[in-house]
1. Considering 202, 164, which residue is without any contact (Cβ under 8 Å) to a residue 24 or more places away in the chain and surrounded by 13 or more Cβ atoms within 10 Å (Cβ to Cβ)?
2. Assess whether residue 46 counts as being of a type outside the set (S, T, N, Q), touching a Gly at 6+ places or on another chain (Cβ under 7 Å) and in contact (Cβ under 8 Å) with a residue 60 or more places away in the chain.
3. Residue check, residue 193 against (1) more than 27 Å from residue 100 (Cβ to Cβ); (2) in contact with a helix residue (DSSP H, G or I) (Cβ under 9 Å, 6 or more places away or on another chain); (3) of a type outside the set (Ser, Thr, Tyr), all met but one. Which one?
4. Identify, by number, the condition in (1) of a type outside the set (A, V, I, L, M); (2) at pLDDT below 95; (3) outside any helix (DSSP H, G or I) that residue 103 doesn't meet.
5. Is it fair to say residue 79 is of a type in the set (A, V, I, L, M), touching a residue at least 60 places away in the same chain (Cβ under 8 Å), surrounded by 20 or more Cβ atoms within 10 Å (Cβ to Cβ) and assigned to a loop (DSSP other than H, G, I, E, B)?
6. Quick check: is even one residue across the stretch 291-306 surrounded by 24 or more Cβ atoms within 10 Å (Cβ to Cβ), in contact (Cβ under 8 Å) with a residue 40 or more places away in the chain, assigned to a loop (DSSP other than H, G, I, E, B) and under 12 Å from the mean Cα position of the chain (by Cα)?
7. Does the stretch 278-309 hold any residues that are closer than 17 Å to residue 193 by Cβ and hydrophobic (A, V, I, L, M, F, W, C), and which are they?
Amino acid sequence: MRIRWSAIFDALLPLIATLAALAIGAVMLILLGANPLVGYAALLEGAFGSTNALADTIVKATPLLLVGIGICIAFRAGVINIGGEGQMILGAVSSIALGLAFPDAPGILMIPLALLVGFVAGGLWGGIPGYLKARFNVNEILSTIMLNVIAVQLMNLLLRGPLIEKIQKGAARIPQTARLSLEFDLPRLIPTRLHLGALIAILLAIGVYYFLWRTTTGYRIRAVGMNQAASRYAGIKVGRYIVLSLALSGAFAGLAGAIQVYGVNHFMITDGTAAGFTGSAGFNGIVAALFGQLHPIGTIPASFLFGALLVGANKLQRATQVPAALITALNGLVVVFVVSSELWRRRNARKRALQELDKKLAAEHHPEPQIPSGEG
């Protein structure tokens with residue numbers, strides 16, 4: 001019973017961590033002279049107070065979910081993908097280049113093709129650190145972060161050169177592309193900003209769960225993540241599955257970038273940073289995956305929660321007139337607490353596993369005496 005309650009507590013840890021972060025945020029609001037009850041009421045209203053607000057929350061959660069399910073694949077293989085920002089950019093740039101190259105193509109053909117191109121581009125960009133890890137044991141954290149920088153500079157180069165909007169003239173041209181054809185807009189599910197990409201992301205999360213837990217390839221990915229030496233002894237090509245996991249992780253981030261372009265922005269513009277396009281979804285998706293305990297299905301409500309925080313934070317700022325830096329700090333607190341809770345959960349899981357092992361060993365060495373049955 002004690003272990004059962006410990007497991008329940010571990011499952012609730014991400015929620016407890018979020019509430020603790022919001023409690024500290026409330027103290028910060030008080031110190032700034034704002035009413036935390038008013039602020040958090042505004043946050044809830046901004047995220048869920050109307051049909052449009054709810055739609056905006058789901059739209060904001062969509063790239064987090066796509067990046068998050070990719071992170072689940074990478075983590076299950078025992079590697080860490082910090083390159084979601086760059087992979088989103090590669091997926092977006094590749095898909096919009098295709099749309100701009102064929103502006104008269106039918107939308108029913110261009111939309112799935114563009115999403116596929118974004119998926120493949122992100123996968124190739126994610127496969128680079130995977131290959132470096134498998135072939136040369138290069139730390140994937142460093143390589144993915146460095147590739148983020150390269151992706152940003154590539155985006156800046158393309159949006160100031162080959163992909164820049166042609167009608168702009170003069171020296172002070174804005175580094176942005178032309179708008180995609182209206183035929184290429186992802187279908188709206190209801191008369192709001194909510195688009196088909198949200199449904200695609202949910203279906204893919206379910207598909208990734210099936211892939212990881214119901215297929216041979218998924219089993220091998222998880223086996224590599226649990227123990228590389230044992231997997232190699234069992235005949236599993238460890239390097240191949242490391243590359244595959246990071247490539248798939250990058251592919252889902254690339255798809256997130258393509259969906260962001262075709263479902264929300266419909267063009268690309270750069271301010272010289274990754275966040276100007278991604279909104280930091282490449283990093284926030286990691287937190288959503290951790291909040292969902294690195295499970296694709298659990299990442300669905302986790303992404304929705306973080307989407308609500310990001311959307312509602314804007315109204316919180318307007319209602320309380322606090323600096324924008326506080327909103328950044330509040331999101332940072334949630335990140336720190338959620339990541340810390342995941343580390344705590346893993347430690348407790350290992351502790352429970354050791355307790356179960358000790359019980360089994362004790363039972364084997366001290367079996368209960370057998371009482372012979374009487375013949376009468």
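The values are calculated or read from the model by the stated rules, or taken from the named source; none is laboratory data. Quick caveat, the model's predicted, so the values are computed rather than measured. Note that we place each Cβ from the backbone using ideal geometry, even for glycine, and neighbour counts take in every protein chain shown.
1. Exactly one of 202, 164 is without any contact (Cβ under 8 Å) to a residue 24 or more places away in the chain and surrounded by 13 or more Cβ atoms within 10 Å (Cβ to Cβ), namely 164.
2. Values: of a type outside the set (S, T, N, Q): yes; touching a Gly at 6+ places or on another chain (Cβ under 7 Å): yes; in contact (Cβ under 8 Å) with a residue 60 or more places away in the chain: yes.
So residue 46 passes the test.
3. Looking at each condition in turn, residue 193 falls short on (1).
4. Result: residue 103 passes all but (2).
5. It is true that residue 79 is of a type in the set (A, V, I, L, M), touching a residue at least 60 places away in the same chain (Cβ under 8 Å), surrounded by 20 or more Cβ atoms within 10 Å (Cβ to Cβ) and assigned to a loop (DSSP other than H, G, I, E, B).
6. Quick first cut of the stretch 291-306, residues surrounded by 24 or more Cβ atoms within 10 Å (Cβ to Cβ) only: 291-292, 296, 299, 302-303, 306.
If we keep only those that are in contact (Cβ under 8 Å) with a residue 40 or more places away in the chain as well, we get 291-292, 296, 299, 302-303, 306.
Remaining after also requiring assigned to a loop (DSSP other than H, G, I, E, B): 292.
This time we only want the ones that are under 12 Å from the mean Cα position of the chain (by Cα), so: 292.
Within the stretch 291-306, one or more residues are surrounded by 24 or more Cβ atoms within 10 Å (Cβ to Cβ), in contact (Cβ under 8 Å) with a residue 40 or more places away in the chain, assigned to a loop (DSSP other than H, G, I, E, B) and under 12 Å from the mean Cα position of the chain (by Cα).
7. Looking only at the stretch 278-309, we keep the residues that are closer than 17 Å to residue 193 by Cβ, and these are 279, 281, 303-304, 307-308.
Result: 281, 304, 308.
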